[in-house]
Amino acid sequence: MAHVASEFLPARQESLHPGAEGASRRRAHYLPAIDGLRAFAVMPVLFVHAGFPFFSGGFIGVDVFFVISGYLITGILEREIRAGRFSIAGFYERRARRILPALFLVLLASLPFAWFLILPHEFLRFGESLVAVNLFVSNMLFAHENGYFETIAAVRPTLHTWSLGVEEQFYILFPLFLWFVSRRFPRHRLAIFAGLFVLSMAFAEWMWRRDSSLNFYLLPSRAWELLAGAMLAQVSFDRESLAQHRPLLMQVASLAGLAAVCASYLLFNENTPSPSLIVAVPVIGALLVIACAVPGTLCHAILANPLARGIGVISYSAYLWHQPVFVFARLYNGAEPSVPVFIGLIGLTLLLAWLSWWFVERPFRDRSRFSRAVIFRFAGAGMIFFIAVGGGIVLAKGVPGRFGPAGALVQKGVDEISPYRDSCGERIPPDFSTYCLFGQAGQPIVAVLGDSHGKELFWRMTQHLSGHPYRLQPFLWNASAPFAALTRGAADGRNTRAFHARARAYILGNRQIRTVVIAANWPMYFNCEGDFCATSPARLDLIHRPDDPARRAVVADAMAREIDAYRAAGKTVVLMAPVPHMPWDVPRFMLSRIIQGKSDIGAGVPRAEHEARAAAADAFLAREAKRPGVFLVDPAASLCGTGPAGFCHAEADGMPLYFDDNHMNGAGADPVARAMLARLDRIAGAKP
């Protein structure tokens, strides 16, 4: 993200050619407010990644940096093309000087921390990311692994390099394309770029509704932000003349632009589709700041002050350092650091950024120290080194022996997840009648309906199925309430809704299915946690009012109606109560205690705390369980001590019972699965 700014330190330092003439030319094109705008982009990124809620839209800093990059790089290329000095080798030399030395330093510094702090399965992914970063395709890797806002993103040391991948992919062809258009179609180049801008923006607006992760990470959805800056660089206007003759216009426009950028940081959040049409607000704001924040305007005074400019100058290094600093602090602590700790980590990030800017970035920009040939050899050697290291980590499968027997047991808990998570979920089969059926043919079927909280339960039930008088069939879709009448709003894709509708119709119409087990993360939907705010499609006005009794009533009513439909069709319904949530990712917390030499990992979460979180869901489930043909199985009976002073356990004899903070692994799900099978046997009138 902030690496975009690395292409442009103050123009007096952006030497295209040495000498007084070059220095004069650089000063003529230097805009101090842009340094300040970079500071106003990078700091919200740090704040949002530190979890400060008042900067929930801080990730929009990436969009601002893309605009800055497009504007400044296009401006440099335009001047070179007009002067006949354009050289693709020279362009990539500048890119290598700006980007790679600091990047290599941060990757090298991250290696020992990753070795000592990251579990094997995540260390393997770290190795994959080292390869991807140095091939400038990390955005593609992350697009297919996880969402930017998911929990795992907080512990990926290289996640932030996705934006470097976007930018470098854009600049593979852009310089030659700009040169070609400027030579062949000089009168139409702005129209050509405008057409590409509209196509990319339209693609982003279409794509976020279909795959928000691909939309966030990939170039086609991001190109319009870079092109916005590129188009501004191709528009001829005299800032000084406008400042002199239209001072009020420049004042209002620049302040409006800065306000639009800052408002986006405060008002946007993880539910804001990004990039999308609404992101045009900060993009246009950045354009207005670049175009109109001239000396004499209040916006210029805000952005060109020494502090803002100073942070802007080191913004690339600050961006590079912040993610690994935050991630390794989380991993060592085993949980989210406190606000004072994060403030200290931000200070450490800025200190490291200044040091790497002073001792690494500046020297490598000095052509008298490092020639073009040296830079290219350095770039090639560094990329080969990190690709080799990353490849070695992958081949060694994350080096699982690093933490001894205790660490191996923790990793075993991570690995104990259902082998059917993908094969029996997240897809709509052409025919449900042969979909993931387990058990002896001819026996009645128990449908296991749910979200991700049902997956390990289902798996462990299949492991103990022998001798039981029924078959098992799963209808499970991650992070989506297992009721066709409910939705998470825009977060639910069409496939999700279609799956639940078809599953309900199949279950209702299949006489072989006599029992329906419903296992879900109930509090997530009742409490509107994160973006999992279930509601009826007819009542989307309630989606962001989590504590509103009316919203909860809508959710409960939709669930009850579907449970009634199963009962009316002659099905028995078994509800699995909420799984206790832990305050931290259990395996990572356990590893942090091992690393720190501490024998205890904590008892888990107090049962009273679990019950408080689950209160709204439990009240609904208790009401339903009083109705004929509805039964309740509570995981807390297996995972928690009795009484309000009891604890819900996170581990047993050094083995995690969860593979994160809320999903039971095989060890955790096993006793719950046995209890569920016992209930099903009583319903079937048979003994196991």
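Any read-out appearing in this document is the output of simple, stated calculations on the displayed coordinates, not a laboratory observation. These numbers were taken from a predicted model, which means no experiment stands behind them. All Cβ positions, even for glycine, are placed from backbone atoms using ideal geometry, and neighbour counts span all protein chains on display.
Note on HIS464 and ALA608: their simple-model spin labels are 3.1 nm apart, each label 7 Å out from Cα toward Cβ. Report, to the nearest 10°, how far helix 120-134 tilts away from the longest principal axis of the Cα atoms in the chain, using its own Cα long axis and a range of 0 to 90°. The two axes meet at around 30 degrees.
Can you classify region 262-332 as rounded, prolate or oblate using the Cα gyration tensor, where a ≥ b ≥ c are the square roots of its eigenvalues, rounded means a/c under 1.5, and otherwise it's prolate if a/b beats b/c and oblate if not?
Working: a/c = 2.87, a/b = 1.26, b/c = 2.28.
Oblate, since a/c reaches 1.5 and b/c is not below a/b.
Over the residues of the chain, the helix contribution to mean residue ellipticity at 222 nm works out to -18500 deg cm²/dmol, using -39500 (n - 2.57) for each DSSP H run of at least 4. Rounded if a/c is under 1.5, else prolate if a/b is larger than b/c, else oblate: which is region 265-304, with a ≥ b ≥ c the root eigenvalues of its Cα gyration tensor? Taking the square roots of the gyration eigenvalues as a ≥ b ≥ c, region 265-304 is prolate. Between ASN269, MET461, ILE60, the Cα set farthest toward the positive side of the dipole of the chain (charges on each charged residue's Cβ, about the Cα centre) is that of ILE60. When you count the other C-beta atoms within 10 angstrom of each residue and take the mean per peptide, 94-102, 50-58 line up highest first as 94-102, 50-58. Tell me, what is the percent relative contact order of the chain, built from C-alpha pairs under 8 Å that lie six or more residues apart? Reported as a whole number, the value is 15 percent. Local charge for LYS455 was computed over the other residues whose Cβ lies under 11 Å away, with Lys and Arg +1 and Asp and Glu -1, and equals -2.
From most to least packed by mean Cβ count within 10 Å, the peptides 401-414, 222-235, 645-658 give 222-235, 645-658, 401-414. Of the residues VAL325, ALA388, CYS648, the one whose Cα sits farthest toward the positive end of the charge dipole of the chain, with +1 on the Cβ of Lys and Arg and -1 on the Cβ of Asp and Glu, is ALA388.
Let me check I've understood the local charge: for LEU117, count other residues with C-beta under 12 angstrom from its C-beta, Lys and Arg +1, Asp and Glu -1. What total comes out? Walk me through the intermediate numbers first.
Numbers: positive: ARG330, ARG402, ARG588; negative: GLU122.
Surrounding charge for LEU117 is +2.
Rounded to the nearest 20 debye, the dipole magnitude of region 381-525 is 240 debye, with +1 charges on Lys and Arg beta carbons, -1 on Asp and Glu beta carbons, and the Cα centre as origin. Rounded to the nearest 20 debye, the dipole size of region 377-432 about its Cα centre is 380 debye, using +1 on the Cβ of Lys and Arg and -1 on the Cβ of Asp and Glu. Counting only DSSP beta bridges with both residues in the chain, the antiparallel share comes to about 30 percent. Charged side chains reduced to their Cβ positions (Lys and Arg at +1, Asp and Glu at -1) give the chain a dipole of some 1260 debye around its Cα centre. For GLU651, the residues whose amide H sits under 5 Å from its own are LEU657, ignoring neighbours fewer than 5 places away on the same chain, with H placed 1.01 Å from N. Mind checking which of MET207, LEU219, PRO175 is farthest towards the positive end of region 136-219's charge dipole, using Cβ charges of +1 (Lys, Arg) and -1 (Asp, Glu) about the Cα centre? Toward the positive end, the furthest listed residue is PRO175.
For the chain, divide the Cα radius of gyration by the Kirkwood radius and give the resulting Rg/Rh value with two decimals. Can you show the working numbers first?
Working: Rg = 28.2 Å, Rh = 27.6 Å.
Taking Rh as the inverse mean 1/r over Cα pairs, Rg/Rh reads 1.02.
Take 137-145, 78-86 and order them by the average number of nearby Cβ atoms within 10 Å per residue, most first; the result is 137-145, 78-86.
With contacts taken as Cα pairs under 8 Å and at least 6 residues apart, region 31-161 reaches a relative contact order of 14 percent.
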